[in-house]
Amino acid sequence: MESLRATQADDAVWDADGQDETPEFSQFTVRRDVEHLRRLSTLQGDVTTVSELDASVSTLDLNDDTGPPDVDLESPFPQFHTPISPSLSVVEPGFSDEADSNPSVDGDAHTASFEHLPGETNATYPAVHIDISQPPLTRVSVTTEDGSIHPDQPISKGNEPDSFTMARPVYPESAKPTSSSSTSQLPPSSSQGSHKPSRAVGPSVFQKVVSKTRPHFLPPKSREEDRKHLADWEAMMKESRAAEERRRKGLQQRRMARELNIEKSMHIWEKDILPDWRVVHRDPTLRKLWWNGVPTKLRCVMWERAIGNTLALSRDSYRSCLSRARRTLSSGVFPSDILQEMEEDIVTTLPALHIFHPDSGALYQELKDVLCAWVISRADEGLGYTRGISKLAAMILVNVPTPQAFVALRNLLERHCLRAFYGGTGTKDDVEAYYRIFDTLLADSMPKIYFNFKQHQISPAAYLPDWLAPLFLDHLPFEACARLWDVILLEGDSFLFRAALAILAVLEPRLSFPDRDELLQLLKGQNKAAIEVAKREGRPLNGGKYEIYGVDEETLWDRIDSMEDWWRESTWRRLTQRELPDL
């Protein structure tokens, strides 16, 4: 009987064919052997019983081998086959216990006890305590940045270190492995804390620049080529900034030299031009002197004389119109919509000068009085306020006292071109005629720009009113506008169109956008790329809209002077007679 039992017990480690292979120790095989012993003892009627065998028994090595345990380094949780003593409790990670659902089992502790079979003296089956409620204890070696290694410290869930390199299981003192190969990288799991390497969010500075201009049909660059191209790009950007700085300094020096020449020519102004300013039309030398710029302290007199007084207004006209405007304001009769439109126009008037700001501007009230008086003077004609008039009045107020500024403003707006743009719907036909005149001049002087605009269906109505109505004050720097005004007041409407053509000539390298919306944004001074470049270079954005494109006094006047080869006043007169026969 004992030999039969021993033969049957050995079947647990033999396969069906009786071939000698490595014994398989698993939960299934142990459970199978226990059930086999139970049936065998029942059939033989033996008094030996197996009491309260639990269905969940750990897959442990039940032999008497005292050697080091075998460690499975490839598995996510190292499993160890260790010699068992009656007092040893083993924590098995990842163990699935079917007895947890058995209500007859008390708590999480499952005990399997075995009695000796007859004839077996040293076959002691110890009580094994299975505890799966806690994660397995491990020890880690923490390596700091300075290279020092801290002593091993046990960790468990909720007590993970910030960073670690190697983890190893806790062995009994009598069963510690002797080989260092038993340590392995601790893998992340649901029961153990995992360490994820920190990574930068978003692309780096190098990634933002490198290989952005590489054609898609070419193979990717090598790292050496990327670095070389990045260094070339940085060198080009540095040279570009240096060139821009040299250009600014050169512009400042040329402007200072021109102002110095104007001061030196003061005696010519006082001797030849001031007594009779009309001599400028007869003397080309004096005319060239005027084109170079009127001295600042003589602008008040020269502008008044150049504008003239075709309306025969007296200086008391401003006082009478202003008193009428104040009475209507105090009585609440003044139209509120016109007053609101006027306030909005003042806010956008020469913001770089800060003298017309509603809260702190020194000339804010004078400007508002002139505008209110101008609205009252046009009330008899049934005309209201027109956007852009605030810019004209402000430019005159900077150089002319308030009563004379009102008279100069009214006479300036009586010139035919400006009267057409400020005359409301009654002068719509005249405005269309001026658009046709400008289109003809553009086609003759710059056919490429003309053809590009026709392809994108951009007419002069999309940009010309924004230039001519405020006399370029919204789009050009203040110094360039002051010099333009000197010549506009001398030459008349023809120079308005000549200056507009010069602006397009300066912008010509930028007018090759294939998209209509981008072209319109550029003409409005709202190109996003140019604005970002201006911000990066620290240029102010509260001046002329075209300053972000590099349109300044020197570049503009270079284009205007270059028109002497083809510009003819006779052409202007012929076009105006054709389009505006009643003029």
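The values are calculated or read from the model by the stated rules, or taken from the named source; none is laboratory data. What you see is a predicted model, and the numbers here were worked out from it, not measured in a lab. In this analysis, Cβ positions are derived from the backbone assuming ideal geometry, glycine residues included, and neighbour counts consider all displayed protein chains. For accessibility, only protein heavy atoms count, side chains too; no ligands or nucleic acids. Shrake-Rupley method; radii C 1.70, N 1.55, O 1.52, S 1.80 Å.
Side notes on the structure shown:
- Pairs where the first residue, in region 549-565, is of a type in the set (G, A, S) and the second is surrounded by fewer than 16 Cβ atoms within 10 Å (Cβ to Cβ), C-beta under 9 Å, 6+ apart: G550/E244; G550/R247
- Restricting region 448-480 to residues that are open to solvent by 20 Å² or more (accessible area, probe 1.4 Å) and part of a loop (DSSP other than H, G, I, E, B), the residue that is nearest to G388 (Cα to Cα): D474
- Verdict on A500 being in a helix (DSSP H, G or I), in contact with a Leu (Cβ under 9 Å, 6 or more places away or on another chain), free of Cβ contacts under 8 Å to residues at least 24 places away in the same chain and surrounded by fewer than 20 Cβ atoms within 10 Å (Cβ to Cβ): no
- Matching residues, region 390-442, being among the aromatic types (F, W, Y), within 22 Å of R498 (Cα to Cα) and out of contact with any Cys (no Cβ under 7 Å at 6 or more places or on another chain): F421, Y422, Y435, F438
- Exclusive hit being open to solvent by 30 Å² or more (accessible area, probe 1.4 Å), out of contact with any Pro (no Cβ under 7 Å at 6 or more places or on another chain) and within 28 Å of P295 (Cα to Cα), set E414, E432: E414
- All positions within region 251-272 that are exposed (fewer than 12 other Cβ atoms within 10 Å of the Cβ) and either modelled with pLDDT under 85 or over 26 Å from A480 (Cβ atoms) (or both): Q252, H267, K271
- Selected residue (only one of F495, F438 is surrounded by 16 or more Cβ atoms within 10 Å (Cβ to Cβ) and farther than 26 Å from T296 by Cβ): F438
- Qualifying residue in region 309-326 (condition: closer than 30 Å to R483 by Cβ, among the β-branched types (V, I, T), in contact with an Asp or Glu (Cβ under 9 Å, 6 or more places away or on another chain) and surrounded by 15 or more Cβ atoms within 10 Å (Cβ to Cβ)): no
- Failed item, numbered, when V398 is tested on (1) open to solvent by less than 10 Å² (accessible area, probe 1.4 Å); (2) farther than 21 Å from T328 by Cβ; (3) in a helix (DSSP H, G or I): (1)
- Elements of type helices (runs of 4 or more DSSP H) contained in region 504-570, each with 1 or more residues being open to solvent by less than 20 Å² (accessible area, probe 1.4 Å) and farther than 21 Å from G250 by Cα: 516-523, 528-536
- Only one of the numbered conditions (1) more than 17 Å from A480 (Cα to Cα); (2) in contact (Cβ under 8 Å) with a residue 40 or more places away in the chain; (3) open to solvent by 60 Å² or more (accessible area, probe 1.4 Å) is not met by P275, and that is (2).
- Test: residue in region 390-407 that is at pLDDT 90 or above and within 28 Å of L575 (Cα to Cα): yes
- Those residues of region 459-499 which are of a type in the set (G, A, S) and on the phi > 0 side of the Ramachandran plot, in sequence order: G492
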